[in-house]
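The values are calculated or read from the model by the stated rules, or taken from the named source; none is laboratory data. Keep in mind that this is a model prediction, so the values were computed, not measured. Cβ placement follows ideal geometry from the backbone for every residue including glycine, while neighbour counts extend to all protein chains displayed.
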Amino acid sequence: MIDRSLNYGRSNIQRFLEKSRPYKTVLDLGAGTGDDLRLAQQVQPSAQLLGVEVYPKNVKTLKEKGVRVFPLNIEKDRLPFDDGKVDVVIANQILEHTKEVFWILHEITRILPVGGKLLLGVPNMAALHNRLLLLAGRQPSPCKTNSAHVRGFTRGDILSFLESGAPGVYGLRAFAGANFYPFPPFVAKPLAWFLPSMAWGIFFLLEKQKPYKTGFIDFPRVQCLETNFYLGPKKSRTKAI
């Protein structure tokens with residue numbers, strides 16, 4: 001029986017956090033009830049925990065756990081941090097729900113210092129079960145039209161996207177997979193370990209290697225992409241709860 005809790009790759013997130021030590025601040029985009037931030041605190045107990053979350057029930061839970069919460073729309077709002085002030089950013093199972101990836105990555109890259117880490121997890125369009133679905137003429141599971149997901153990703157696509165928007169800025173420090181459909185956990189875990197590019201989810205530990213300016217929000221304009229992407233901040237300021 002498939003264990004869908006493995007899709008979140010918590011063991012990968014914990015391992016990546018251990019590789020990211022020491023860090024003073026960690027921000028989780030779409031923090032939920034704080035599972036990834038709990039791992040961040042276990043790895044670095046002194047770290048300041050920050051979360052972007054909009055659902056009131058989750059906001060309440062996060063506050064009770066000592067997280068400083070910002071109720072932002074990451075697709076339109078500026079992250080309320082100065083340049084280079086957040087050591088680690090977690091974006092786990094978030095980007096597949098968003099259209100405005102250029103704006104989101106611009107803001108993430110802006111607030112990371114050189115040497116800062118981005119922990120990124122997304123469903124894998126090239127997972128084994130998705131390859132089989134396509135072979136049978138069926139829609140891949142991470143990107144069905146009648147679902148909450150609006151984007152699909154592969155390892156190569158993510159790395160190409162980062163390089164096109166910020167050439168040479170991100171270095172890949174670790175890569176891993178999580179879960180392996182349609183197998184039960186005792187089979188899925190070792191398969192995801194040995195064949196991460198074919199696992200259900202793919203996870204990246206990325207390090208900011210050099211300064212960044214505006215590459216992600218310049219790219220759609222320079223390339224004349226025929227989609228009305230959001231490429232500029234709002235002037236309103238959002239305070240922490």
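Is there a residue in the range 144-153 that is assigned to a helix (DSSP H, G or I), surrounded by 21 or more Cβ atoms within 10 Å (Cβ to Cβ) and either in contact with a Cys (Cβ under 9 Å, 6 or more places away or on another chain) or at negative phi (or both)? Within the range 144-153 (the criterion being assigned to a helix (DSSP H, G or I), surrounded by 21 or more Cβ atoms within 10 Å (Cβ to Cβ) and either in contact with a Cys (Cβ under 9 Å, 6 or more places away or on another chain) or at negative phi (or both)), the answer is no, since none of the residues qualifies.
Going through the range 97-116 one residue at a time, which ones are surrounded by 23 or more Cβ atoms within 10 Å (Cβ to Cβ) and not in a helix (DSSP H, G or I)? Residue satisfying the conditions is 112 alone. Take residue 131 and decide whether it is over 19 Å from residue 82 (Cα atoms), modelled with pLDDT of 95 or more and part of a helix (DSSP H, G or I). So residue 131 fits the description; yes.
Filtering the range 184-228 to residues that are in a loop (DSSP other than H, G, I, E, B) and crowded, with 19+ Cβ neighbours inside 10 Å leaves 199, 200, 212.
Of all residues in the range 157-183, those satisfying the criterion of being surrounded by fewer than 16 Cβ atoms within 10 Å (Cβ to Cβ), farther than 19 Å from residue 9 by Cβ and of a type outside the set (D, E, K, R) are 160, 164, 167, 168, 171. Just to be sure before I move on: is residue 122 surrounded by fewer than 21 Cβ atoms within 10 Å (Cβ to Cβ), under 20 Å from residue 20 (Cα atoms), among the aliphatic types (A, V, I, L, M) and touching a strand residue (DSSP E or B) at 6+ places or on another chain (Cβ under 7 Å) in the structure I sent? So residue 122 fails the test.
Close Cβ contacts (under 8 Å, 6 or more residues apart or on different chains) running from residues in the range 32-60 that are farther than 22 Å from residue 20 by Cα to residues that are of a type in the set (Val, Ile, Thr) and at pLDDT below 95 comprise 59/241.
Taking the condition more than 26 Å from residue 108 (Cα to Cα), touching a strand residue (DSSP E or B) at 6+ places or on another chain (Cβ under 9 Å) and of a type in the set (A, V, I, L, M), does residue 136 pass? For residue 136, the condition - more than 26 Å from residue 108 (Cα to Cα), touching a strand residue (DSSP E or B) at 6+ places or on another chain (Cβ under 9 Å) and of a type in the set (A, V, I, L, M) - is not met. Within the range 216-230, the residues that satisfy the criterion of being over 21 Å from the mean Cα position of the chain (by Cα) and among the hydrophobic types (A, V, I, L, M, F, W, C) are 222, 224, 225.
For the range 40-55, the condition holds for at least one residue, the condition being that it is over 24 Å from residue 177 (Cα atoms), of a type in the set (Phe, Trp, Tyr) and either at pLDDT 95 or above or over 14 Å from the mean Cα position of the chain (by Cα) (or both).
In summary, residue 145 fulfils each of the numbered conditions (1) at pLDDT 95 or above; (2) over 18 Å from the mean Cα position of the chain (by Cα) with the single exception of condition (1). Beta carbons closer than 8 Å, at least 6 apart along the sequence or on distinct chains, pair a first residue in the range 6-22 that is more than 13 Å from residue 205 (Cα to Cα) with a second that is polar (S, T, N, Q) and assigned to a loop (DSSP other than H, G, I, E, B) for 6/179; 7/93; 7/179; 8/93; 22/44. For the range 160-172, a tally of residues being assigned to a helix (DSSP H, G or I), under 21 Å from residue 16 (Cβ atoms) and in contact (Cβ under 8 Å) with a residue 40 or more places away in the chain returns 2. Cβ separations smaller than 8 Å between residues 6+ apart or across chains give the following pairs from the range 129-151 residues that are within 17 Å of residue 97 (Cα to Cα) to residues that are of a type in the set (Asp, Glu): 142/96; 143/96; 149/96; 150/96; 151/96.
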